[in-house]
Amino acid sequence: MHNPLRSEADAFRWVVIIGAGAIAIIALTLLTRPVFGVILTAALLGFGAGVAYRSARGTLPRDLDISRGGDGRHRLLVIANETVVGGALIEEIRNRTRGRQSAILVVTPALTASRAAHWASDVDEAMELARQRLELSLIEIERQGLKARGEIGDSDPNVAIEDALGGFPADEIVISTHPPERSRWLEQGVVERAREQVDLPITHVVVDLSAESPASR
Amino acid sequence: MESATVAVGHADEHHHGPPEAHDSSRIDRQTLGILLFIVSEIMLFGAFFAAYFFLRVVVDPPTWPPEPFELPVAIAGMNTAILVSSSFTMHYALEAIRKGNHAGLKLGLVVTWLLGATFLFIQINEYVNIGFSARDYGFGSIFYGLTGLHGAHVFVGLALLTFATIRAFRGHFGPAAKDHLGVEVPGIYWHFVDVMWIIVYVSVYIL
């Protein structure tokens, strides 16, 4: 979810919205009776709560500006968290970079355990877990004869993509998730929103870690 | 053949001292600080509003405001317009510095300060002429409590704006986000003060 008070511009937007609502309440109250103003206030508060609930379910899509690298290398941005160590993802990276000069950036969002931790930026534990997974992934990618750079990203994968594109002009993006029945990212529509936001080829890789584990073979 | 950029994860192997603070891309520390402060302020205002609505709904006097109190709705409305206008000038100041327009930043901050000071002056004038004091029944107490609490916040906001304006005239701010946090943070606080007044005005004077 995009923090609704991330900047002064966001706060100003709230002044305008609340000011417009207040004008409507004042006009209705002065033209009729205070009870109608109270009813309109309750209705607007309910509407606001509904909008807040809807926006809490995911970042609203918006277009991102994309820049290009220009050095001839193919730049691959990989977004993955728990599945960052999955064999299917490593194989996809290998296929995507085969036979061409490539630069790979693997971004692992630091997923917090709760919404309270997310809002309080209590991300230390999430970052440590993400860092451990990322290092394992980078080792595995190196083992395949490739090298990659790794970063810990924002806990919102779409924000992490936006942040990463700011410093890494990717040519394409690979998003790795669990299978649909277990993927919170797919439930939140992360891949769909990324496709709406970013004008780049996006490949969605499904990694079934339980099927890949040695015990299941 | 594939080439690659440098792998990270061990970049600070030779780093001494405490680890560097992590800056989440979601929000910087200064902005998070003012947001947490605003959350505590909302709780403070919430306590005063709880007292206000207790008096109004639970005690339930036959008329509101109760006899013999009268509130200057029109003057307070004009004052509301002045304060809300100051949010627009504050936003103008921030937009100006984001574009590197230092003159616009200074103009926006000065006008915002003047509008805020005007609001405070009119409110004090309202207190002088309103005809009742904080000692006159529960209504007088809660009226002065709520509007006075807000007035104190306007005063704090003006103090912050004073620092920001002085720094603006000394050329401390730049277009990059990290270079004008000294305006951004007071700006967020100022908008909060405006929103709280809109709520106070609608609750106390209108409904």
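The values are calculated or read from the model by the stated rules, or taken from the named source; none is laboratory data. Since we're looking at a predicted model, the values are computed, not measured. Please note: Cβ atoms are built from the backbone with ideal geometry, for glycine as well, and neighbour counts cover all protein chains shown.
In region A:1-54, what residues are outside any helix (DSSP H, G or I) and under 17 Å from B:Ile206 (Cα atoms)?
A:Thr32, A:Arg33
For region A:102-120, give me the residue count where each residue is surrounded by 14 or more Cβ atoms within 10 Å (Cβ to Cβ) and either modelled with pLDDT of 85 or more or at the interface with chain B (Cβ under 10 Å from one of its Cβ atoms) (or both).
Pass one, region A:102-120, residues surrounded by 14 or more Cβ atoms within 10 Å (Cβ to Cβ): A:102-112, A:117-119.
Those left that are additionally either modelled with pLDDT of 85 or more or at the interface with chain B (Cβ under 10 Å from one of its Cβ atoms) (or both): A:102-110, A:118-119.
Looking only at that region, the number is 11.
Condition (residue is β-branched (Val, Ile, Thr), assigned by TED's automatic domain parsing to the domain that holds A:Ser210 and at pLDDT 75 or above) applied to region A:69-78: is it met by at least one residue? Don't jump to the end; show me each part of the working.
Of the residues in region A:69-78, the ones β-branched (Val, Ile, Thr) are A:78.
Pick out the ones that are also assigned by TED's automatic domain parsing to the domain that holds A:Ser210 and you get A:78.
Still in the running and at pLDDT 75 or above: A:78.
Taking every residue of region A:69-78 in turn, at least one turns out to be β-branched (Val, Ile, Thr), assigned by TED's automatic domain parsing to the domain that holds A:Ser210 and at pLDDT 75 or above.
So, B:Val154, is that one in contact (Cβ under 8 Å) with a residue 40 or more places away in the chain, surrounded by 14 or more Cβ atoms within 10 Å (Cβ to Cβ) and within 13 Å of chain A (Cβ to nearest Cβ) or not?
Judged against the criteria, B:Val154 is not a match.
Could you check region B:81-116 and list, in sequence order, the residues that are hydroxyl-bearing (Ser, Thr, Tyr) and more than 14 Å from B:Pro175 (Cα to Cα)?
If the condition is that a residue be hydroxyl-bearing (Ser, Thr, Tyr) and more than 14 Å from B:Pro175 (Cα to Cα), then B:Ser85, B:Ser86, B:Ser87, B:Thr89, B:Thr112 are the ones that fit.
From A:Val198, A:Val206, A:Val190, which residue is out of contact with any Ser or Thr (no Cβ under 8 Å at 6 or more places or on another chain) and on the phi < 0 side of the Ramachandran plot?
A:Val198
Looking for whichever is at pLDDT 80 or above, loosely packed, with under 14 Cβ neighbours inside 10 Å and either within 10 Å of chain B (Cβ to nearest Cβ) or over 18 Å from B:Asp194 (Cβ atoms) (or both) here; the options are A:Ala22, A:Ala49, A:Ala11. Which one fits? Before you say what the answer is, go through the steps one by one.
Working: A:Ala22 fails: loosely packed, with under 14 Cβ neighbours inside 10 Å; A:Ala11 fails: loosely packed, with under 14 Cβ neighbours inside 10 Å.
Only one candidate passes the filter, namely A:Ala49.
Let me spell it out: the conditions are (1) more than 13 Å from chain A (Cβ to nearest Cβ); (2) under 27 Å from A:Gly21 (Cα atoms); (3) of a type in the set (Gly, Ala, Ser), and B:Ser203 meets all of them except one. Which number is the exception?
(1)
Any residue at all in region B:158-174 that's under 30 Å from B:Trp64 (Cα atoms) and not in a helix (DSSP H, G or I)?
There is no residue in region B:158-174 that is under 30 Å from B:Trp64 (Cα atoms) and not in a helix (DSSP H, G or I).
When only residues in region A:121-175 that are more than 8 Å from chain B (Cβ to nearest Cβ) and part of a loop (DSSP other than H, G, I, E, B) count, which is modelled with the lowest pLDDT?
Restricting to residues being more than 8 Å from chain B (Cβ to nearest Cβ) and part of a loop (DSSP other than H, G, I, E, B), the top hit is A:Asp122.
Within region B:69-102, track down each residue that is without any contact (Cβ under 8 Å) to a residue 24 or more places away in the chain and part of a loop (DSSP other than H, G, I, E, B).
If the condition is that a residue be without any contact (Cβ under 8 Å) to a residue 24 or more places away in the chain and part of a loop (DSSP other than H, G, I, E, B), then B:Asn101 is the only one that fits.
Identify the single condition in (1) in contact with a Gly (Cβ under 7 Å, 6 or more places away or on another chain); (2) farther than 19 Å from A:Arg73 by Cα; (3) within 14 Å of another protein chain (Cβ to nearest Cβ) that A:Leu209 does not satisfy, given that it satisfies every other one.
Condition not satisfied by A:Leu209: (3).
Can you find a residue that is loosely packed, with under 14 Cβ neighbours inside 10 Å and over 18 Å from B:Gln30 (Cβ atoms) anywhere in region B:170-192?
yes
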